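Throughout, read-outs are computed from the coordinates displayed, never taken from laboratory work. Since the structure is predicted, the reported quantities are computational estimates derived from the model, not experimental observations. Note that we place each Cβ from the backbone using ideal geometry, even for glycine, and neighbour counts take in every protein chain shown.
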Amino acid sequence: MPKTSLRSISFFLCAAVIMSLFAFNTSPKHSALAQTEAPTATPKPLGSQEGTITIWADRVRTPILEKIGKDFTAKYNVPLRVQELDFGSIRDQLKIAGPAGEGPDIVIGAHDWLGELVSNGLLSEMDLGDKAKTFDPVALKAFTYNGKLYGLPYVVEAVALYYNKDLVPTPPKTWAELKTIAKKLQDDKKAEQGYVLQEADAYHSFPILSGFGGYIFGHDANGALNPKDIGIDSPGGLKAAEELDSMVKAGLLRSGVTYQTMSDLFTSGKAGMVITGPWALADFRKAKVNYGVAPIPTMVEGTTPKPFVGVQGFMVNKFSKNELLAKTFLTEYIATDESMKALYEADPRGPAWLPLQKDIKDPDIAAFSASAANGEPMPAIPEMNAVWDAWNKALTLIFQQKAAPDQAFKDAGTAIRDKITSGK
């Protein structure tokens with residue numbers, strides 16, 4: 001377990017004071033839903049309770065946090081309880097429960113929640129001190145909002161190129177090569193689709209937008225995202241739209257393809273290449289596809305395609321009754337080699353903890369980490385909510401050949417600006 005430090009001692013003293021003031025149950029009960037992929041009901045949230053650390057987590061992270069919690073309690077005599085909630089409901093629950101004093105001390109969530117949660121005054125700032133050096137800079141950047149850090153990151157995710165080695169022995173380095181390989185696979189009837197991209201999937205389409213020079217938001221003089229600078233209909237954005245249109249016309253992209261369609265085609269050996277993330281590893285491995293993971297091919301010389309980087313981590317509720325205790329638990333107990341390794345082993349994903357990144361033996365996870373290093377954190381500002389629908393609609397119009405590509409993206413840009421201006 002983590003080595004004792006001066007901060008650990010101060011933590012213990014703080015905990016001891018708290019324990020002398022509040023009743024303590026040495027075996028706190030954990031209220032959690034059944035371990036299912038999709039919880040069928042949302043339990044009544046457990047709120048912050050003085051002297052006890054309460055964490056809201058999803059199905060995947062709850063079991064390992066409960067184990068870590070038992071070790072933590074045994075060492076520091078501080079009870080810790082973990083409540084399982086559907087990942088998608090944690091943010092919404094916090095928005096309601098937090099201000100009412102009924103939220104937890106800590107939540108696990110995604111960095112792109114920051115815009116909404118920070119704007120509503122729901123998160124407490126974090127100070128990692130010297131330990132900031134042991135975190136991936138991209139992960140820290142993702143959890144930074146208006147120049148302030150609001151989370152302790154632990155997972156960094158981004159998409160990369162999966163390729164079926166039986167159909168594509170050597171992965172393409174350029175987009176032109178990818179298209180040539182995909183066309184030959186289809187012409188030779190070796191694959192139903194050489195390369196698969198979902199129809200209305202802005203997230204998975206972003207590498208193409210960025211690869212041709214497009215962007216979502218520009219940056220101001222201080223490097224912060226500028227919601228007044230929309231780049232979907234920039235010259236690079238329009239080039240990306242034209243590229244997608246040309247691939248549809250060439251039969252390389254097809255209308256009606258969903259994420260599940262893409263996954264099914266690849267796992268059945270009917271697709272040569274797809275771009276998606278480490279969350280697909282379990283299915284691809286179970287199907288025993290002879291796959292490899294490679295960088296996303298370069299589309300324009302001198303321009304590196306940037307995937308969206310998603311970062312997940314721990315955030316402290318501003319209304320917590322144990323704000324200092326919660327932060328100390330994170331910085332002194334979670335931010336350690338032992339705890340980070342335990343979290344990784346329970347759910348292998350690209351770690352934000354640099355010492356662990358160096359020790360990863362799984363080449364697939366290493367490949368995704370490398371892709372994330374070239375990526376761009378998904379915008380966390382509230383204005384991002386205005387982007388998705390308009391962008392997905394533009395993609396649908398192109399895939400279904402119902403609008404000229406440049407007009408589809410120009411209309412999307414106008415819709416995004418209008419929605420941001422109206423504040424709706």
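Here are some notes:
- Extension gain for the segment Ala74 to Thr414, taken as residue separation times 0.36 nm less the Cα-Cα distance, is 116.7 nm to one decimal.
- Every Cα-Cα pair in region 273-413 was counted, and those over 22 Å apart are 60% of them.
- Separation of alpha-carbon centers, region 87-101 and region 300-332, rounded to whole Å: 17 Å
- Helical content of the chain, expressed as a calculated mean residue ellipticity at 222 nm, amounts to -12000 deg cm²/dmol (DSSP H runs of 4 or more residues, -39,500 (n - 2.57) each, divided by residue number, nearest 500).
- Descending semi-axes in whole angstrom, ellipsoid equivalent of region 87-146, from the Cα gyration tensor: 23, 12, 11
- Placing unit charges on the Cβ atoms only, positive for Lys and Arg and negative for Asp and Glu, gives the chain a dipole magnitude near 460 debye about its Cα centre.
- Rh (Kirkwood; distinct C-alpha pairs) - region 45-190, Å: 18.6 Å
- Förster-model FRET efficiency, 45 Å R0, Thr421 and Glu301, C-beta, rounded to 0.05: 0.80
- The Cβ shell under 14 Å around Lys341 holds other residues with a net charge of -3, Lys and Arg each +1, Asp and Glu each -1.
- Label-to-label distance for Asp406 and Asp187 is 3.0 nm, based on points extended 7 Å past Cα in the beta-carbon direction.
- Sorted peptide list for 353-361, 177-185, criterion being average Cβ within 10 angstrom, highest first: 177-185, 353-361
- Highest-first packing order for the peptide set 366-375, 133-142 is 366-375, 133-142, based on the mean count of other beta carbon atoms within 10 Å.
- Placing pseudo-labels 7 Å out from each Cα toward the beta carbon at Thr396 and Lys148 gives an inter-label distance of 3.9 nm.
- Backbone N under 14 Å from the Asp166 label point (7 Å along Cα→Cβ), restricted to region 262-282: 265-273
- Counting 0.36 nm for each residue step from Lys141 to Lys249 and taking away their Cα separation leaves a gain of 35.0 nm.
- Computed over region 343-399, the Cα gyration tensor eigenvalues convert (square root of 5λ each) into semi-axes of 32, 14, 10 Å, ordered from largest to smallest.
- For region 120-273, Kirkwood radius (reciprocal of mean inverse C-alpha pair distance, Å): 18.3 Å
- Peptide ranges 71-77, 45-51 listed from the most packed, as the mean C-beta count within 10 angstrom indicates: 45-51, 71-77
- Residues of region 44-68 falling in the label zone of Glu102, defined by backbone nitrogen less than 15 Å from a point 7 Å along Cα to beta-carbon, are 44-49.
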